[in-house]
Structures are given as structure tokens and as C-alpha cells.
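Just below is one structure, and these are the notes that go with it.
The values are calculated or read from the model by the stated rules, or taken from the named source; none is laboratory data. Predicted, not measured: the structure shown is a model, and the values here were computed from it. FYI the Cβ positions are ideal-geometry reconstructions off the backbone, even for glycines, and counts take in every protein chain you see.
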């Protein structure tokens, strides 16, 4: 079995973003079969206003440019009327993917938080359950759908209850060097 990277590209208005996952399958040609399970889990928590543009499957081999784009062009499954209006996209849910005796991996999800599923800066307990229920089959099915980049599979999921701010376009800060002495 080999591991591959899956990226799900989403858009809301003029802003785009993606989430990355790792899957384990027999070969590159069988990898796209796992993409729909990941897309279905993500769609279950995103607003219908969020467009899932395409998914990309690629190898993890450095320098290898083998990839496949899979067009999706579908919206999220959560009706806008039930979110109470989406919060700005810098508000994210942090979902932890726990591994045995190791630091957990995490994914940040934007475009799914609304006034109706948040309470005073936290994710409502009902929506936390919705997210956990949407992603649990990906780590509990046999065979598992998503994997860490290295090591054994995920064993549990949890959500940071605080709504986190996250820049849409993170850039590295330019560090200027002080002039050399005596010049």
C-alpha cells in the first residue's frame, strides 16, 4: 500500500482555500476512489454557499509531478437558512485527528461557522457533534480512508471548542538584517 495526498479546493465569493489529507491505497490509479468519501464528509459541514471546485490527488514523492485533478463543482450541504448567516472566513473550526502517543494532526475548516452554530466565541455542542459524526467514518472504516502522512492510523477525533481566527493569506514576515558595523 502507498500513501497519496488529496487536496480539496473550495471557494466562497472571491476567496479560495483547500484542505489536505493523506490516503492509503494500492496504487495511484485507485486513489481517486477515496476522494468522494472525503468530499462528502466536508460537504456535510459546509454551507451551501461554499463551492467545492475540484480535488487533486498527487504522490508524496519529492520532485514527482504526477497528479490528477478531479472536477467537483458542487456546494456544501448545509442550508444557509440554518447557519444564521456565515461568520467571516477567518473564523475557523479546529478538528484534531489523534494518533497513538503522538501529537495530533489537525485541520482548519472555514465557511461552515454561522451565528446559529456558535455561542459566545465557541462552537456549539450540537455542531461539534455534527463535525465529529461527519469525519468519524473516515478514520473508523475498514480500511480507513484518511491517514497521517507517516505512521499508523488515527484513533480518535476532537474539536477545539473555541472559534479560532486564521488569516486567509498567511505570509512570512520579511526580516531585515541590520547594517554591518563599520560600513
**Request:** Hey, can you tell me all the residues within region 100-128 that are more than 20 Å from residue 8 (Cβ to Cβ), surrounded by 14 or more Cβ atoms within 10 Å (Cβ to Cβ) and at pLDDT below 90?
**Result:** 114, 116, 117, 118, 119
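Could you grab me the full set of residues in region 149-174 that are assigned to a loop (DSSP other than H, G, I, E, B), farther than 23 Å from residue 91 by Cα and either modelled with pLDDT of 90 or more or out of contact with any strand residue (DSSP E or B) (no Cβ under 9 Å at 6 or more places or on another chain) (or both)?
Hit for region 149-174 is 174, nothing else.
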**Request:** Select from region 25-36 the residues that are out of contact with any strand residue (DSSP E or B) (no Cβ under 8 Å at 6 or more places or on another chain) and farther than 14 Å from residue 77 by Cβ and write down the one among them that is surrounded by the most Cβ atoms within 10 Å (Cβ to Cβ).
**Result:** 30
**Request:** Using the structure shown, decide if residue 131 is more than 19 Å from residue 166 (Cβ to Cβ), buried (at least 16 other Cβ atoms within 10 Å of the Cβ) and touching a residue at least 12 places away in the same chain (Cβ under 8 Å).
**Result:** no
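Here is a yes/no grid of residues against (1) at pLDDT below 95; (2) assigned to a helix (DSSP H, G or I):
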{"residue": "24", "(1), (2)": "yes, no"}
{"residue": "31", "(1), (2)": "yes, yes"}
{"residue": "34", "(1), (2)": "yes, yes"}
{"residue": "52", "(1), (2)": "no, no"}
{"residue": "56", "(1), (2)": "no, no"}
{"residue": "62", "(1), (2)": "yes, no"}
**Prompt:** Mind checking whether some residue in region 109-128 is in a strand (DSSP E or B) and closer than 22 Å to residue 141 by Cβ?
**Reply:** yes
